[in-house]
Every structure is written in structure tokens, then in C-alpha cells.
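Colleague: First, the structure itself, so that you have it in front of you.
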Amino acid sequence: MKIYNTLTRKIEDFQPMDGQQVKMYSCGPTVYNYAHIGNLRAYLFMDTLRRVLKYNGYSLKHVMNITDVGHLVSDADEGEDKMMKAARVEKKDPFEIAEFYMNAFLQDIKQLHIDQPEMIARATEHIECMEKYVQKIIKNGYTYETKNTIYFDTSKLDQYGVLSNRSIEEQKAGARVEFDSEKRNISDFAVWIKAPENHIMKWDTFWGKCYPGWHLECSAMSYEYLGEQFDIHTGGIDHIPIHHENEIAQSKGFSGKVPAKFWMHVDFLTINGGKMSKSLNNLYTLQDLADKGYEPLVYRMFNFTSSYRNKINFTWEAMEAAKIALNRLREGYLKHCEGTADISQDTIKVWEEKFENAINDDLNMPVAMSVVWEVVKYPQKSKDLKALLLKFDTVLGFDLEHYQNKEQELPQEIQALVKQRDFARQNKNWAESDRIRDILIDQGYTIKDTSQGTMIQK
Ligand code: AMP
Ligand code: ZN
């Protein structure tokens, strides 16, 4: 399996450090609002990576954090805490905000068939572990105190900026002029912050009533569950220049090591070629897609049209195409379910190899999908091809296996009509069977009579 490593800027052969188990950490959401479909692209990438690793026979110990404290409006120590801001706007307790949007996020990823990591770690439940972590960095001499903040001193490192390859000097040139005058270097960042009087999310700590800096949570929690070094760290490309540099800095201050061997970053979703933003009114959630008639799995399919390292551009036309593609995949699968043809093992092997080469080539899903379409389109119907599609589906994640049973979830009155129609057909009462079919069609269903019975779909 080959993957692109942001740290070395090369495609490399992947091998876990420790036998067959892959230890992985993913930066999770800040739960102050509903996830938009751009955010969800990041977790679809994470899920595809998990599935490809499993396809290759690895087991996973995967941790994802939920940021429910400490993430300021800017990643670089500026602005209000995102949770506090949402709480103020919604006139709610920040803990309530976190609970609500965390559950909404978990619901979203479930609907997209994104498998949950083995461990989901909430920042607010790991304050003690962060406290211990930061105290060791302090003891190792990597920090300095100002009135309200303990800063990480990036000039103490032999090199800061290993991921983005930017020196402190270059960062200075790119930075905005006004920055906290108490900071010694432009790239220094807060690790422990004194909470103002009105701050709700704060804890009694070694430095008084404080809350942790955002970057600290990922370092402390990845250390807690995965140790000083692990295999893969994932996130969005926006994490490269600040958040992940700071995680590496903290880890060097803690143990002298870069925490992960491989760093993988997913590029952004754009909308009509531009940025998604509230002000442009083009910030969509899964619910917005559902309101336009697109089930979450259509969005999953859409994401396979691009490699995770490229931008992907969202348009409604592209969603329509993905909807058609998903239907084609399901129909192709159902077609092969009914098949009786024998397909030679050699032919199957060729497809299998092509698919495996694609997914192991840095998760090249567009090429993997082209193999899937060859199998779907194959004119002979065959259970061997059904089995092949199910194998591929362990990576694709459409849950094809249960697709044929979806009619069991139909409303009761529709199920009753299907039964009445089956009865009419058994008795060769074609007029009655046609009458019921017309009612079902009127209600928005498509019906197919197969050797395994009636297939019905909304
Ligand atoms: P946040 O909850 O703001 O910390 O973001 C969660 C994840 O979404 C991060 O990994 C970001 O890199 C990612 N992200 C934010 N906007 C986009 C976008 N437009 N396309 C893809 N990923 C994004
Ligand atoms: Zn993180």
C-alpha cells in the first residue's frame, strides 16, 4: 500500500510500526455547529483510509477527538472560543451546545456510513491528561508564562515548520501585523490559558482556573491512547500550517519525537469553484441535500469522483450525476444477485487486482470506481460478480448487501399492496396485478418482477 506523506512530501510504502495493527489519529470536529458537507468530506476520506487499511488485512486502533473546548475562532490564538461564541449566540450553556452538535455529527457520519473510530475522545473529558502533558513540556523548558497564558516557545526547537516547510522567518513575513505583544515569536502558541471571570468552560488546575489550548488536546490524547509515536495522523489541509505544526512542536517538547510517521491531509470541497461560506449562502449540510432529494450516500458517491488530495467541486449537476451512479451501482448489484453464469476465476482476478492497485495507489478512488463500473456493466449476470461487488463494497461503504432487503423498510400500506399484487400474480390475475402496480407507481415507486420476487424502490 502506497500513501502520500505530507511530512516527507513523497509517496511512500506504508508499513505499520507494530505488526498488523495500525495506530492512527484523526483530528475531529469542533462541535459548535452542524457539520457542513466540506467538513464531512474530511471524515469520508478518513473512513476510506480505514476501509482500505482493513481491506489490506490490518487491524485498527484509531482515535478521533471531539473538540468541545479551547478552539478559538482563528486557529492561531485569536478571537473568542468557538464553543463560548456559539453558546452566547444560541443563549445556551456551552456544554449543552457541545452535546447537541456532537450527537448531530455522530448522526451525520452514521448516515454517510462512516465507521466510527475505535475511540472517540472528548477534550473536556481529558483535561487531567492534558494537564499532565503540558506540565512535562513546561518541565522540559519549552514554554514561558505571560499574565494570562502559557505559551509554547517555538524558538526552542531545532526546527519549527517541518510539515509546511516554512521557517519562523517566513511565517513572520506572512503574518498579520497585530499579534499578541506578549508572544516572543510569531509562531508561538497558547498551551494553557487563564479563564476570564465569565468563562464557563474552565477547570481548577496547577495554574489556577484555566482551559487548555486547542492544539494541546490532540497531542495529549494521541499520547494517552497511542503512545509517543504512532503510524498515521490525518486531518484537513488547513491543519498543515498551524495545528499540526503545533502538535509536532508539543510532541517534540514532550518526548523529542515527531508523533506520527505518516501525515495525510485531505483537500477542500469547493462550491461552484469557490469557497463555501455563510455569507454566500452556499454552506450546505446533509439536511440541505436531503431537502433537495439527495440521500447521504449520494454525497458519498460524489466524493469518489476525485482523489482526496485534489479539490472537489460541488455542483447540483454533479449531485444528480452521483445519484444516477448510485442507482446504477445498486441495480447492477441486484442484477448480478439474480445471475447464474459462471465467470472464470482469471477474469475475476484481473478485476480484483485492478481494484486493489487503485486503492493501494494512495486511495485512488476514481480509478477504483472505473473497475466497479466494468463489473456492474458486465453483460452476463453472475453471483460471482455479486460476491466481487460485495468485496469491493467493504471499501466503498454503500452497504449493498442489505440493499435488496430495503423493501422491508417500506411503509406498511405499501408492503400490503406488494403482497396483494404478488397474490394476484400467483393466481394469474393480471388485471388486478396491473391495477396495484399503477397505484404503486402513482405513489412514486418503481417495481421490478424478478425470479426472487418483487423488487420495489422509492
Ligand atoms: P472544524 O470542525 O472546523 O475543526 O473542521 C473539521 C474538519 O473539516 C477539518 O479537518 C477541516 O480541515 C475540514 N474542513 C473544513 N472546511 C472544509 C472544506 N471546505 N472541505 C474539506 N474539508 C474541510
Ligand atoms: Zn488535531
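Colleague: Report D for the stretch 276-427 in µm² per second (integer): Stokes-Einstein, Kirkwood Rh on Cα pairs, 25 °C, 0.890 mPa s.
Modeller: In µm²/s, the coefficient is 139.
Colleague: For the stretch 1-155, what is the convex hull volume of its Cα atoms per residue in Å³?
Modeller: It is 161 Å³ per residue.
Colleague: Distance between Cα centroids, the stretch 187-253 to the stretch 12-28: provide it in whole Å.
Modeller: 21
Colleague: Let me ask something else. If I model the chain as equal point scatterers sitting on the Cα atoms and use the Debye formula, what is log10 I(q)/I(0) at q = 0.10 Å⁻¹?
Modeller: Debye intensities relative to I(0), on a log10 scale: -0.81.
Colleague: Apply 1/(1 + (r/R0)^6) to the Cβ-Cβ distance of residue 422 and residue 110, taking R0 = 30 Å, and write down the FRET efficiency to the nearest 0.05.
Modeller: Efficiency computed from Cβ-Cβ geometry: 0.35.
Colleague: Quick one: if you take sqrt(5λ) for each eigenvalue of the C-alpha gyration tensor of the stretch 412-457, what semi-axes come out, biggest first, whole angstrom? Please report the intermediate quantities before stating the final value.
Modeller: On the way: eigenvalues 44, 29, 19 Å².
In descending order the semi-axes read 15, 12, 10 Å.
Colleague: Mind checking which aspartates and glutamates have their C-alpha under 19 Å from residue 381, skipping anything on the same chain fewer than 8 residues away?
Modeller: By straight Cα distance, residue 381 reaches 331, 338, 342, 346, 352, 393, 401, 449.
Colleague: Another question about this same structure. Can you give the log10 of the normalised intensity I(q)/I(0) at q = 0.11, 0.13, 0.21 Å⁻¹, computed with Debye over equal Cα scatterers of the stretch 63-168?
Modeller: So the normalised log intensities work out to -0.52, -0.71, -1.25.
Colleague: Another one. Give me 373, 263 sorted ascending by neighbouring Cβ count inside 10 Å, so fewest comes first.
Modeller: Fewest-to-most Cβ neighbours within 10 Å comes out as 373, 263.
Colleague: Return the calculated 222 nm mean residue ellipticity for the chain, to the nearest 500 deg cm²/dmol, obtained by summing -39500 (n - 2.57) across DSSP H runs with n ≥ 4 and dividing by the residue count.
Modeller: The helix contribution divided over the chain gives -13500 deg cm²/dmol.
Colleague: Send over the Kirkwood Rh of the stretch 2-266, from the inverse of the averaged 1/r over different Cα pairs, rounded to one decimal Å.
Modeller: Working: mean 1/r = 0.0529 Å⁻¹.
With all distinct Cα pairs of the stretch 2-266 included, I get 18.9 Å.
Colleague: Check cross-link reach from residue 61 to the lysines: straight Cα distance under 18 Å, and skip same-chain residues fewer than eight apart.
Modeller: Partners found: 23, 261.
Colleague: Mind pulling the angle between the C-alpha long axis of helix 127-139 and the longest principal axis of the chain? Nearest 10 degrees, somewhere in 0 to 90.
Modeller: 40
Colleague: Does the stretch 316-405 come out rounded, prolate or oblate by the C-alpha gyration tensor, with a ≥ b ≥ c the root eigenvalues, rounded set by a/c under 1.5 and, if not, prolate when a/b is larger than b/c and oblate if not?
Modeller: Oblate, because a/c is 1.5 or more while a/b does not exceed b/c.
Colleague: What ranking do 181, 164 get, fewest neighbouring Cβ atoms within 10 angstrom at the top? List each step's numbers first, then the result.
Modeller: Numbers: 181 6, 164 15.
Ordered by Cβ neighbours within 10 Å, fewest first: 181, 164.
Colleague: When only alpha-carbon atoms are used, what values of Rg and Dmax, in angstrom, describe the stretch 217-280?
Modeller: Reported Rg and Dmax, both Å: 14.7, 45.
Laboratory data are not the source of any read-out in this text; all were calculated from the coordinates shown. All values reported here derive from a predicted model rather than from experimental measurement. Heads up, the Cβs are rebuilt from the backbone with ideal geometry, glycines too, and the neighbour counts pull from every protein chain shown.
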